[in-house]
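The values are calculated or read from the model by the stated rules, or taken from the named source; none is laboratory data. Only a predicted model underlies this, so the values are computations on that prediction, with no experimental measurement involved. Methodologically, a virtual Cβ is constructed for each residue, glycine included, from the backbone with ideal geometry; neighbour enumeration extends over all protein chains shown.
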Amino acid sequence: MAIDRPNLGLTVLRICIGVFFLFEGLGKVRWFGDPSILATRFADWHQAAPPGSISAWYLQRIAEPYVGIFARLVPMGEIVTGIALVIGFWTPLFAFVGFFMALNFQLAGNMIFKYAFLTSGYGLPVLGSTLALAIGGVRTRFSVR
């Protein structure tokens, strides 16, 4: 019996990135009761963002006004995305959700336009992994169907 190597590779990627999101979300559970943790991070990012940049605009208009909502959505979204990817439930959808969350993090922190984005484990590897799964993660092995 031949092994479907591309499918097996996507399965390993799906499980690994799912574990990543699960533990990222668990590390943020305190945000549910204390949104000021995230508010402080947003304030630090906003202070460091160049005036007129996409990051400054995003933080001022979207992130900071709704910090209470994001403080609950982010950990919940990461935990649910992580579990869904580990078990292979609606992989393309949850991989896209993970991509969107990671992209928002990179934009808010003004990291996506820096060289460090290319070398950080939280940047290109996470965005590339989630996008690959959103495109090709259908019917991977050991998936809940």
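Observations
- Scan the range 25-37 for residues that are part of a helix (DSSP H, G or I) and either out of contact with any Phe, Trp or Tyr (no Cβ under 9 Å at 6 or more places or on another chain) or at pLDDT below 95 (or both) and the total you get is 6.
- Checked against the criterion of being among the charged types (D, E, K, R) and without any contact (Cβ under 8 Å) to a residue 24 or more places away in the chain, the range 69-76 contains not a single residue that satisfies it.
- Residue in the range 106-118 that is in contact with a Leu (Cβ under 7 Å, 6 or more places away or on another chain), surrounded by 15 or more Cβ atoms within 10 Å (Cβ to Cβ) and either in contact (Cβ under 8 Å) with a residue 60 or more places away in the chain or hydroxyl-bearing (Ser, Thr, Tyr) (or both) present: yes
- Residue check for Pro75: surrounded by fewer than 16 Cβ atoms within 10 Å (Cβ to Cβ), in a helix (DSSP H, G or I) and out of contact with any Cys (no Cβ under 7 Å at 6 or more places or on another chain): no
So that you can scan it fast, the table gives a plain yes or no per residue for (1) surrounded by 15 or more Cβ atoms within 10 Å (Cβ to Cβ); (2) closer than 22 Å to Phe99 by Cα:
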residue: Ile3; (1), (2): no, no
residue: Gly9; (1), (2): no, yes
residue: Cys16; (1), (2): no, yes
residue: Phe20; (1), (2): yes, yes
residue: Leu26; (1), (2): no, yes
residue: Arg30; (1), (2): no, no
residue: Ser36; (1), (2): no, no
residue: Thr40; (1), (2): no, no
residue: Asp44; (1), (2): no, no
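- Taken together, the criteria place Val67 among residues that are assigned to a helix (DSSP H, G or I) and either polar (S, T, N, Q) or more than 17 Å from Leu22 (Cα to Cα) (or both).
- Qualifying positions in the range 5-43 - farther than 9 Å from Gly82 by Cα and of a type in the set (A, V, I, L, M): Leu8, Leu10, Val12, Leu13, Leu26, Val29, Ile37, Leu38, Ala39, Ala43
- Residue within the range 52-64 that is under 17 Å from Asn110 (Cβ atoms), out of contact with any helix residue (DSSP H, G or I) (no Cβ under 9 Å at 6 or more places or on another chain), not acidic (Asp, Glu) and not in a helix (DSSP H, G or I) present: yes
- Some residue of the range 99-111 being over 28 Å from Gln47 (Cα atoms), touching a Gly at 6+ places or on another chain (Cβ under 9 Å), modelled with pLDDT of 95 or more and not in a loop (DSSP other than H, G, I, E, B): no
- Lone qualifier among Thr81, Thr40, Thr119 - being at pLDDT below 95 and among the β-branched types (Val, Ile, Thr): Thr119
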